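The values are calculated or read from the model by the stated rules, or taken from the named source; none is laboratory data. Every value quoted in this text rests on a predicted model; they were computed, and no experiment measured them. No Cβ is skipped: glycine too gets one built from the backbone with ideal geometry, and neighbour counts run over all protein chains shown.
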């Protein structure tokens, strides 16, 4: 039997770009008698001018009233939870730009120029994340889990549009509640506001009796089928909040680094004390949303730390804690012998292209965990180097894998500028038309130039070369060379 399911929402469960301003417009101003914009005209001219202005003002007023009615209607539909598809931010790979050495070209399926459907593609990428979130909830229901924990970043910012909250409510919160499974939501760095007093979209789910939101550290003890389990819930704290926390415990002014040291000492003591108080618990689990020293960001990235970020150190997790499960880092991994990252449920950026995605299921009886993998959209990165004398189009097409359907594809093509215009980009677009999204990065090849250089260790020859390079136009060149040679001979004997 699986005790409970832990998963990280993956920094933006749903996207950013759906407009949230759905409040009714203010009534249009009365423009039927506008102030003249030019000197007084003759009576006939003035009559025609005022008549035209009235028609223009009435037309604008009608348009404002129509827009106001539409916005009121959207507000009504939104709060009735009609199925409005969310529009996410376009994935990180779908951007355009160029520099001196390379250029980006992006395209989405059905849009050769990359325009027109990018918002739809972004929306579908957001739904990729949401579908895996719903799959994790369905797995928990099927396996009769006792608890479902979201380890932070359910949303990509503290307050999101109602349509996004509705997707989570419909596909995750209510199905789990109907199955009798409690849901715990831990605030992460994206959905935790920097001001403690501010409300967030997470608060919308507090109305459900089976949902609990953690925005401050708490110690909770639960019992599952006769097994007592202790939880230490540690939501994300922003750097400035860490600074304020540390300042409240010491009198002197601290730098950020000193505040981090003080905050780690406070956290260490709080965790140790709360874990000791759970002496009767069979299984003590720490759930947090932080960077832990030594964690890798992705399988293709080897950063040892995130600059400026407050992180956990190994000594902050005491022996009484049996397991520490963290969100925040997208790569599923295990550190030391008791720290595990669940990872994001879907691939977020290209650094994660080879990473498995899923969630972690914990067993109360065996005090163990297992990683449950979820289907993730394939990401294919191809690097091509085209040399002079080759057919550039054929060389590029030969490097593209046979299967690209529904995949995210990135081509990085290094090519001499002289043959760049010979590339038939229509054939490349045709070859990648079944991909979910593709981008092409053109990199100008730099021709290496070999230069013959004479090397010597003769001090007099080195002196002569130095003077030739630096005093070529100086009338005293010969005198400087003679005097320098004299000094070298005296020194060298």
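Among residues of the stretch 134-166 being in a helix (DSSP H, G or I) and in contact with a helix residue (DSSP H, G or I) (Cβ under 6 Å, 6 or more places away or on another chain), the one that is surrounded by the fewest Cβ atoms within 10 Å (Cβ to Cβ) is 134. Do you know which residues across the stretch 426-441 are under 17 Å from residue 394 (Cβ atoms) and in contact (Cβ under 8 Å) with a residue 24 or more places away in the chain? Selection gives 427, 428, 429, 431, 432, 440.
If you go through the stretch 376-418 and pick out every residue that is out of contact with any strand residue (DSSP E or B) (no Cβ under 8 Å at 6 or more places or on another chain) and crowded, with 17+ Cβ neighbours inside 10 Å, you end up with 1.
Of all the residues in the stretch 322-340, those that are over 30 Å from residue 279 (Cβ atoms) and either out of contact with any helix residue (DSSP H, G or I) (no Cβ under 8 Å at 6 or more places or on another chain) or part of a strand (DSSP E or B) (or both) number 3.
Scanning the stretch 184-193 for residues that are modelled with pLDDT of 90 or more, in a helix (DSSP H, G or I) and either crowded, with 20+ Cβ neighbours inside 10 Å or more than 22 Å from the chain's Cα centre (by Cα) (or both) turns up nothing.
Taking helices (runs of 4 or more DSSP H) as the structural unit, those lying wholly within the stretch 399-493 and holding at least 1 residues that are modelled with pLDDT under 90 correspond to 459-470, 477-492. Restricting attention to the stretch 341-368, the residues being surrounded by fewer than 20 Cβ atoms within 10 Å (Cβ to Cβ) and either assigned to a strand (DSSP E or B) or not assigned by TED's automatic domain parsing to the domain that holds residue 131 (or both) number 2.
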